[in-house]
1. Take the solvent-accessible surface of the protein heavy atoms, probe 1.4 Å, and return the percent of it on region 21-95 that carbon and sulfur atoms account for.
2. Taking the Cα centre as origin and putting +1 on Lys and Arg beta-carbons and -1 on Asp and Glu beta-carbons, what dipole magnitude results for region 53-122, to the nearest 20 debye?
3. Using alpha carbon centroids, what distance separates region 116-174 and region 43-101, in Å?
4. Which whole-number percentage describes the relative contact order of region 1-89, with Cα contacts under 8 Å and a sequence gap of 6 or more?
5. Multiply the residue gap between H49 and E242 by 0.36 nm, knock off their C-alpha separation, and tell me the result in nm, one decimal place.
6. Taking the alpha-carbon centroid of each part, what is the distance from region 1-28 to region 202-255 in angstrom?
7. May I ask what percent, to the nearest 5, of DSSP beta bridges between residues of the chain are antiparallel?
8. In degrees between 0 and 90, to the nearest 10, how far off the longest principal axis of the chain does helix 182-193 point, with axes built from Cα atoms?
Amino acid sequence: MKYIFFDIDGTLTYDKNGQSYIPTSTKQTIQKLQEQGHMVAVATGRSYHHIQEVTHQLGIKYAVCDGGHGIVIENQVVHIKPLDHEVVNRLILELYELQIPFALQIDQNNCLYATSKMLCDQQIEAFEQMPVVDETFECINQDCFKLFFKLHKGDEALIKSVDASKIMRYFPDQLAFEPDDKYGGVVDFINQVGGNMEDVIFFGDGKNDISMFEKIPYSIAMGNAIEPLKQMAYFVTKGVQEDGIEYACRYLGLI
């Protein structure tokens, strides 16, 4: 039995005209992998709230989510860990000092919370969603799963408390400080299920998969992956829209 982890965006799914699609061949391949006795899971930076539609469509019951901080086994959340309080507190104090608007996600409902002071008295519309403005909200020492802040591309050097150049930029003027340790999450998952890391296979395509490719020998790059991943990959398959998942699984003898 192998433990086969898939990234979601650009690996299991592709975007067309603003809509996300899963190739039919991918759905069939996931089913065949499970029928062969392999444990199939997603490993993604997405929050648990944002993976459920995909995992439900594919019948996947296992996940490493929230950038490695979340573990799901048999559709049950084992845990979702918040960001380190000390690091978040340092970043918050720096954002206050620089007068950079920010908001916190403090639960798994993906709601953002802020005060007028945190938002620098601005109307922020570029965040993942409009923050709930609560003037009694205390952001210091708060459990935080993501921290969104407004910062234009090229201004990352203003931030000293964390390496802002490595923070995910989902919009031109916004950064999302969030967990980024999918490999640590996979190790945690394997320990939870009593597996072995040498039996892990990972499929990915993007920048946030680099650490996985550095540490997991059997890493498969999609044909649409960034070039650094292709250079590091054990095998480069076809693109997600070219039945790349099925092609690789047949090549590896998994189905």
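The values are calculated or read from the model by the stated rules, or taken from the named source; none is laboratory data. If you're wondering where the values come from, they're calculated on a predicted model, not measured in any experiment. Methodologically, a virtual Cβ is constructed for each residue, glycine included, from the backbone with ideal geometry; neighbour enumeration extends over all protein chains shown. Note: areas computed on protein heavy atoms with side chains; ligands, DNA, RNA excluded. Shrake-Rupley method; radii C 1.70, N 1.55, O 1.52, S 1.80 Å.
1. 47
2. In total the dipole reaches around 100 debye.
3. Each part's Cα centre sits 16 Å from the other's.
4. 22
5. Extending this stretch completely gives an extra 66.6 nm.
6. 12
7. Given both bridge residues lie in the chain, the antiparallel proportion sits at roughly 55 percent.
8. It is inclined by approximately 60 degrees.
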